[in-house]
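These notes are about the structure you will find just below.
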Amino acid sequence: MQQSAPVRGSSRIRLDVDAAGRGDRIFEGATKAGAIAILALLAIIILLLLFESRNIFGHQGIGQFLFTTTWDPVFREFGVFAFIYGTVISSVIGLLLATPVAVGAAIYIVEYAPRWLRSPVSFTVELLAAIPSIIYGLWAVFILGPVMRFHIEPFLQTWFGPIPIVGNLFEGTPIGRDILTAGVILAIMILPTIMAISREVIMQVPDTQRDGMHALGATKWEMIQGAVIPYARAGIAGAAILGLARALGETMAVTMVIGNASTSITGSLFEPGYTMASAIANQFREADSQVYLSAIIAIALVLLVIAMIVNILARILIYSLVGKQSNSSRIG
Amino acid sequence: MSQETIEQTQTIQDDSLAAGMEVRNLSAYYGDFQAVKDITMPIERGKVTALIGPSGCGKSTFIRCLNRLHELTRGARVSGQAFLEDQDIYASNVDPVQVRRVIGMVFQKPNPFPMMSIYDNVIAGIKLNNARKSRGELDQIVEHSLRGAALWDEVKDKLDHSGASLSGGQQQRLCIARTIAVEPEVILMDEPCSALDPIATFKIEELIAELKERYTIALVTHNMQQAARVSDFTAFLLSGEERYGRLVEYGPTQQIFTNPQDEQTEAYITGKFG
């Protein structure tokens with residue numbers, strides 16, 4: 001009886017595999033090409049830098065290049081350690097100054113600010129990221145520098161100078177064009193990045209976490225401390241690392257205030273410094289020999305490698321922070 | 001084993017009943033929208049009171065008013081009174097943080113703190129209450145609370161693991177342990193089993209029956225069988241065309257399910273809508 005009715009089922013499956021799969025394959029190919037192009041670009045940049053910097057490593061050893069502080073093109077001595085030092089220290093100062101302010105602002109915006117204030121505050125802070133760095137540089141030269149020189153640096157020297165070890169950081173004559181000033185301008189420049197990402201991360205904390213802490217009788221501060229910050233800390237660390245990465249490569253504003261004049265490392269933040277990016281920008285057009293030019297390109301290579309190391313360390317750090325948390329996504 | 005039995009009987013004997021609640025003319029709003037209107041009902045001491053009703057009837061909003069959690073939502077406010085024994089928790093001189101320390105809550109989705117160990121999850125509330133306790137005292141509280149939440153045997157060897165490493169049902173019992181660790185008077189439960197499988201649900205229901213020996217419990221549930229199984233009193237909430245939730249009927253569970261006074265209650269419990 002059932003056999004008499006025609007069966008529809010199997011004839012509805014199209015046997016033309018190609019027609020159905022073609023669009024998918026084209027799309028997959030396009031996305032794959034994009035992914036490969038990015039990797040290829042990175043590889044080309046690294047290869048080019050390696051190739052163009054080959055002369056310097058024929059001229060002197062890698063060890064002498066990386067770990068000495070004498071940079072004297074006239075006598076063909078190229079040691080970049082002072083540049084590495086200036087880059088790392090000014091960036092770390094920027095990071096240390098910017099992170100607490102940025103995270104505090106992000107917490108305020110998400111947890112405290114009335115709704116109508118959220119957008120204006122976020123917008124204003126993010127607008128800072130849109131200001132060209134040359135403008136930060138000008139501002140730093142004319143306003144921040146003098147303020148540092150006449151007010152902040154003497155103040156720091158008075159209060160922290162006498163303390164052993166810490167005092168070493170604040171030795172010398174305040175001039176306002178030094179590693180500390182560069183760090184401060186970097187802090188201002190990376191603040192919007194860290195703030196914006198931290199804000200996103202804090203907004204992602206589920207309300208169930210906030211409810212859970214509130215329901216135990218937490219005050220607002222205890223709730224933020226106990227539920228929001230632990231949940232968001234990996235993302236906040238990631239935000240800070242992105243800020244650090246930006247600080248490491250920042251050229252223009254730093255060049256204008258760091259002093260560009262040190263080949264010795266004293267440990268004082270009041271000492272003029274030099275960063276890798278500033279050295280490249282300042283000297284690229286002065287390079288009058290193959291070795292000099294290749295030494296400058298080698299600085300770029302070192303900068304790239306340091307930036308990559310920072311990013312890898314950041315990944316490891318974030319992974320170790322998230323390690324425990326990743327279990328929850330499995331269950332959720 | 002014997003020690004455990006002694007401990008349990010002691011805790012039951014040495015304690016008088018937990019406090020009950022009395023809600024009077026309570027209304028809740030989200031901005032201009034009134035979610036719950038004019039609810040007056042008791043939450044009897046040492047009993048389980050179930051709140052049932054179709055989705056959107058305001059039962060979750062209502063239960064969040066009982067520990068002043070509702071007002072934390074932006075634009076949300078509450079009017080009316082809710083007494084814990086003779087103290088109105090909405091009186092102007094009452095600190096909502098203190099209210100939440102004596103009226104605990106368990107949520108729909110298990111929400112252990114994923115960055116804390118199981119041990120730290122249990123004592124999270126104790127730490128907030130600024131009680132200075134020795135490690136030994138804390139160990140005792142952790143064990144007692146986890147036993148009270150029927151979780152001890154499953155986690156006693158991995159107290160340092162993340163709270164998030166447990167299964168969904170275990171996570172919910174961890175949240176119950178966390179709640180009873182601070183010795184509340186009332187425990188509010190907002191659909192505590194809705195994210196759990198039947199076996200985990202059964203365990204939580206068993207646990208509720210044990211907990212009412214010691215705590216007053218208010219339980220929001222979608223599941224009418226659950227309300228019938230575990231509760232002593234039942235309140236039926238409904239939002240009609242006016243959109244705000246109101247209390248249609250309140251009474252002993254037995255009566256609500258066998259002899260409801262209101263025809264809407266009858267229609268709901270017999271599955272005609274909702």
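The values are calculated or read from the model by the stated rules, or taken from the named source; none is laboratory data. Predicted, not measured: the structure shown is a model, and the values here were computed from it. Because the Cβ atoms are built from the backbone with ideal geometry, glycine has one as well, and the counts that use them run over all protein chains shown.
Exactly one condition in (1) farther than 30 Å from A:N282 by Cα; (2) more than 10 Å from chain B (Cβ to nearest Cβ); (3) of a type in the set (S, T, N, Q); (4) surrounded by fewer than 21 Cβ atoms within 10 Å (Cβ to Cβ) is false for A:T251; which is it?
For A:T251, the failing item is (1).
If the Cβ limit is 9 Å and pairs must be 6+ apart or interchain, which residue in the stretch A:213-224 that is more than 7 Å from every other protein chain (Cβ to nearest Cβ) and touching a residue at least 12 places away in the same chain (Cβ under 8 Å) pairs with which residue that is outside any helix (DSSP H, G or I) and among the aromatic types (F, W, Y)?
Every condition considered, the pairs that remain are A:M213/B:F113.
Quick one: which helices (runs of 4 or more DSSP H) sit completely within the stretch B:104-216 and have at least 3 residues that are within 14 Å of chain A (Cβ to nearest Cβ) and within 26 Å of A:V228 (Cα to Cα)?
Per the criteria, B:118-128, B:168-181.
Out of (1) more than 30 Å from B:C57 (Cβ to Cβ); (2) surrounded by fewer than 24 Cβ atoms within 10 Å (Cβ to Cβ), what's the single condition that is false for B:G163?
Among (1) more than 30 Å from B:C57 (Cβ to Cβ); (2) surrounded by fewer than 24 Cβ atoms within 10 Å (Cβ to Cβ), the lone unmet condition for B:G163 is (2).
Would you check if B:Q98 is more than 30 Å from A:Y319 (Cα to Cα) and within 9 Å of chain A (Cβ to nearest Cβ)?
Yes.
Do we have any residue at all in the stretch A:118-127 that's touching a helix residue (DSSP H, G or I) at 6+ places or on another chain (Cβ under 8 Å) and within 20 Å of A:A234 (Cα to Cα)?
No, the stretch A:118-127 has no match at all.
Inside the stretch A:119-132, can you point out the residues that are surrounded by fewer than 16 Cβ atoms within 10 Å (Cβ to Cβ), of a type outside the set (A, V, I, L, M, F, W, C) and assigned to a helix (DSSP H, G or I)?
A:S119, A:P120, A:T124, A:E126, listed by residue number.
Of all residues in the stretch B:224-241, which are buried (at least 16 other Cβ atoms within 10 Å of the Cβ) and assigned to a loop (DSSP other than H, G, I, E, B)?
Residue satisfying the conditions is B:S231 alone.
For the stretch A:273-299, which residues satisfy the criterion of being among the small types (G, A, S) and either crowded, with 20+ Cβ neighbours inside 10 Å or farther than 20 Å from A:M256 by Cβ (or both)?
A:G273, A:A277, A:S278, A:A279, A:A287, A:S289, A:S294, A:A295, A:A298
Does B:R77 meet the test of being within 19 Å of the chain's Cα centre (by Cα), surrounded by fewer than 21 Cβ atoms within 10 Å (Cβ to Cβ) and more than 11 Å from chain A (Cβ to nearest Cβ)?
no
How many residues, within the stretch B:30-74, are crowded, with 24+ Cβ neighbours inside 10 Å, part of a loop (DSSP other than H, G, I, E, B) and more than 14 Å from chain A (Cβ to nearest Cβ)?
Of the residues in that region, 3 qualify.
Please go through the stretch A:199-218 and give me each residue that is hydroxyl-bearing (S, T, Y) and within 23 Å of the chain's Cα centre (by Cα), ordered by number.
Within the stretch A:199-218, none qualify.
Only one of A:R246, A:R233, A:R285 is charged (D, E, K, R), away from chain B (no Cβ under 14 Å) and closer than 28 Å to A:V184 by Cα. Can you tell me which?
Exactly one of A:R246, A:R233, A:R285 is charged (D, E, K, R), away from chain B (no Cβ under 14 Å) and closer than 28 Å to A:V184 by Cα, namely A:R246.
Collect the residues in the stretch B:180-215 that are surrounded by fewer than 18 Cβ atoms within 10 Å (Cβ to Cβ) and among the small types (G, A, S), keeping them in residue-number order.
B:S194, B:A195, B:A209
Looking at B:I199, B:I269, B:I176, B:I256 in this structure, which one is hydrophobic (A, V, I, L, M, F, W, C) and within 16 Å of the chain's Cα centre (by Cα)?
Criteria check complete, one pass: B:I176.
Among the listed residues A:G217, A:G145, identify the single one that is at pLDDT below 95, in the same structural domain as A:V101 (by TED's automatic domain parsing), of a type in the set (G, A, S) and not in a helix (DSSP H, G or I).
The unique qualifying residue is A:G217.
So that you can scan it fast, the table gives a plain yes or no per residue for (1) under 20 Å from A:M195 (Cβ atoms); (2) part of a helix (DSSP H, G or I); (3) in the same structural domain as A:G183 (by TED's automatic domain parsing); (4) among the aliphatic types (A, V, I, L, M):
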residue: A:M223; (1), (2), (3), (4): no, yes, yes, yes
residue: A:A227; (1), (2), (3), (4): no, yes, yes, yes
residue: A:Y231; (1), (2), (3), (4): yes, yes, yes, no
residue: A:I236; (1), (2), (3), (4): yes, yes, yes, yes
residue: A:L242; (1), (2), (3), (4): yes, yes, yes, yes
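Hey, does the stretch B:242-261 have a residue that's assigned to a helix (DSSP H, G or I) and among the hydrophobic types (A, V, I, L, M, F, W, C)?
There is at least one residue in the stretch B:242-261 that is assigned to a helix (DSSP H, G or I) and among the hydrophobic types (A, V, I, L, M, F, W, C).
If A:S198 satisfies all but one of (1) assigned to a helix (DSSP H, G or I); (2) within 11 Å of chain B (Cβ to nearest Cβ), what's the number of the condition it fails?
With respect to (1) assigned to a helix (DSSP H, G or I); (2) within 11 Å of chain B (Cβ to nearest Cβ), A:S198 is out only on (2).
Of all residues in the stretch A:22-54, count the ones that are loosely packed, with under 12 Cβ neighbours inside 10 Å and acidic (D, E).
2
Show the residue pairs that are 6+ apart or on different chains and have beta-carbon atoms under 9 Å apart, the first residue being within the stretch A:90-114 and of a type in the set (D, E, K, R), the second being buried (at least 18 other Cβ atoms within 10 Å of the Cβ).
Once the first residue is of a type in the set (D, E, K, R) and sits in the stretch A:90-114, its partners that are buried (at least 18 other Cβ atoms within 10 Å of the Cβ) give A:E111/A:I202; A:E111/A:R210; A:E111/A:M223; A:E111/A:I224; A:E111/A:V228.
The conditions are (1) free of Cβ contacts under 8 Å to residues at least 60 places away in the same chain; (2) part of a loop (DSSP other than H, G, I, E, B); (3) of a type in the set (G, A, S); (4) touching a Ser or Thr at 6+ places or on another chain (Cβ under 7 Å), and A:A281 fails exactly one of them. Which is it?
(2)
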